[in-house]
Amino acid sequence: MTRRIGLAACQMGPVQSGTSRAEVVGRLIAMLERAAAGGAALAVFPELAFSTFFPRSEIADETLLDSFYEDGFPNVETAPLLYAARRLNIGFAIGFAELIRDGGEARRFNSMALVDRSGTLRGLYRKIHVPGSEAPEPGVTVHLERRYFAPGDLGFPVFDLDGVRVGLALCNDRRWPETYRMLCLNGAEVVLIGYNTPLYLDEAPALAHLRMFHNHLPMQAGAYQNTLWVAAAAKAGLEDGQALIGGSCIIAPSGEMAALAISLQDEVIVHCADLDLIAACRRVNFDFARYRRPDQYRRIAEA
Ligand code: CDV
């Protein structure tokens, strides 16, 4: 019998500064309902889904900064999303700003939580490839993730969800081949990705027309070269004055686009993913056990 899983990518339109968590969670639950009604068993939401993409601003006020983080997940404000998952019998992954208070010390990560169909938190991923800078740089679009987040310290974990092996990644991670290869080597069959990507970067006007191409290219290549299903959800549209690309998608292990968002708003796309396609693609080109040569990859060729 064919192994299948219904995947949903829940793209979000903008979340402007000052929007309450209750309003955002309401939007997320409405999308989870649409995903479940469309047959999905597993959904993905964007990176930093509960707020505006705050690393685009320099925030000096510590109290204001803390307001963007979740002091524990789930908490009182975000728990209704997990209750909805249980009611709808659908799992999900969601990006959030994680604040951990260890005694007097605060640790901050750009994180993603994975919740199963019973509404139980199954694990966390913390973004490894943290882009941007610690302070604004002349001529460069302000992107202060390296000020607000430490690099992830949990590796690339893979979780078993009802017999399907699921890995997580966040935004800039999707541009790095290591992300997919490590998740593949760790046994992932499905990779869920959340992202916030500006449409325009001051430092690279010559590449402006390639933003969507460079969004999809590494995800399609990562899916193909590692025989994975990829579901990726964007935060899209004009958010606090910055245009974010959409292009949320579900990609097959063949590298083909199986579903693609067509708006810059809250939008749910669903695809019934054939997990047996992984083995078919592996047989054709990527039988790792048979053809991969890790013993040779670090050898320096003699002149
Ligand atoms: N949130 C991100 O990780 N954004 C990065 C860039 C724009 C800094 C990205 O790769 O989309």
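Taken together, the values in this text are just the output of simple stated rules run on the coordinates, not laboratory data. Predicted, not measured: the structure shown is a model, and the values here were computed from it. Cβ atoms come from the backbone with ideal geometry, glycine included; neighbour counts cover every protein chain shown.
Using modelled backbone amide H atoms (1.01 Å from N, in-plane), which distant-in-sequence or interchain residues come within less than 5 Å of G91's amide H?
L42, A43, R117
Suppose R0 equals 22 Å. What FRET efficiency, 1/(1 + (r/R0)^6) with r the Cβ-Cβ distance, do E58 and Y200 give to the nearest 0.05? Display every interim value, and only then the final one.
Working: r = 19 Å, r/R0 = 0.87.
Once rounded, the FRET efficiency stands at 0.70.
With the crude spin-label approximation of a point 7 Å out along Cα→Cβ, what separation in nm comes out for E134 versus T120?
The answer from the label model is 4.1 nm.
Please figure out what share of the DSSP beta bridges in the chain is antiparallel and state it in percent, rounded to the nearest 5.
Details: 38 of 58 bridges.
Among the beta bridges of the chain, antiparallel pairing accounts for roughly 65 percent.
Between A243, A93, A49, find the one with the highest GNM mean-square fluctuation for the chain; connect C-alpha pairs within less than 10 Å.
Fluctuation is largest for A243.
Give me C272, C10, C171, C281 ranked fewest to most by other Cβ atoms within 10 Å of their Cβ, as a rough exposure proxy. Before the final figure, lay out each step's value.
Values: C272 16, C10 31, C171 26, C281 20.
Ascending Cβ contact count within 10 Å gives the list C272, C281, C171, C10.
Starting at the first residue of the range 282-297, write each ³J(HN,Hα) from the Karplus equation 6.51 cos²θ - 1.76 cosθ + 1.60 with θ = phi - 60°, in whole Hz, x for Gly and Pro.
Using θ = phi - 60°, the values come out as 5, 4, 5, 10, 10, 7, 4, 4, 7, 10, 6, 10, x, 5, 9, 5 Hz.
Taking 8 Å as the Cα distance limit and 6 or more residues as the minimum spacing, I'd like the relative contact order of the range 128-189 as a percentage. Let's see the in-between values first.
Numbers: 76 pairs, mean separation 18.4, N = 62.
Relative CO of the range 128-189 lands at 30 percent.
Report the extension gain between D71 and S17 in nm, rounded to one decimal, defined as 0.36 nm multiplied by the number of residues separating them, less their alpha carbon distance. Please report the intermediate quantities before stating the final value.
On the way: separation 54, 0.36 × 54 = 19.44 nm, distance 1.87 nm.
Roughly 17.6 nm would be gained on extension.
For D274 and D287, calculate 0.36 nm times their separation in residues minus their Cα-Cα distance, and state this gained length in nm to one decimal. It would help to have the intermediate numbers written out before the result.
Numbers: separation 13, 0.36 × 13 = 4.68 nm, distance 1.85 nm.
That pair, D274 and D287, stretches by 2.8 nm at full extension.
Trypsin sites (Lys or Arg not before Pro), restricted to the range 268-303: which are DSSP loop and have at most 10 other Cβ atoms within 10 Å?
Numbers: sites: R282, R283, R290, R292, R298, R299; in loops: R292, R298, R299.
Here the sparse-neighbourhood loop sites are R298, R299.
Take the chain, connect every pair of alpha-carbon atoms lying under 10 Å apart with a spring to form a Gaussian network, then pick out the residue of G255, G247, G104 with the largest mean-square fluctuation.
Fluctuation is largest for G104.
So how far apart, in nm, are the two label points at I262 and L210 if each is 7 Å from Cα heading toward Cβ?
About 2.9 nm, to one decimal.
Kindly provide the helix-only [θ] at 222 nm of the chain, computed as the sum of -39,500 (n - 2.57) over DSSP H runs of four or more divided by all residues, to the nearest 500 deg cm²/dmol? Numbers along the way, then the final one.
On the way: 9 runs with 78 residues, N = 303.
My calculation for the chain gives -7000 deg cm²/dmol from helical runs alone.
Could you calculate the contour length gain from D160 to I300, that is, 0.36 nm times the residue separation minus the distance between their Cα atoms, to one decimal place in nm? Let's see the in-between values first.
Numbers: separation 140, 0.36 × 140 = 50.40 nm, distance 3.76 nm.
Result for the pair: 46.6 nm of gain on full extension.
Might you report the magnitude of the Cβ-based charge dipole of the range 52-137 about its Cα centre, with Lys and Arg at +1 and Asp and Glu at -1, to the nearest 20 debye? Walk me through the numbers on the way to the answer.
Working: 10 positive and 13 negative charges, 144 e Å.
The dipole of the range 52-137 has a size of about 700 debye.
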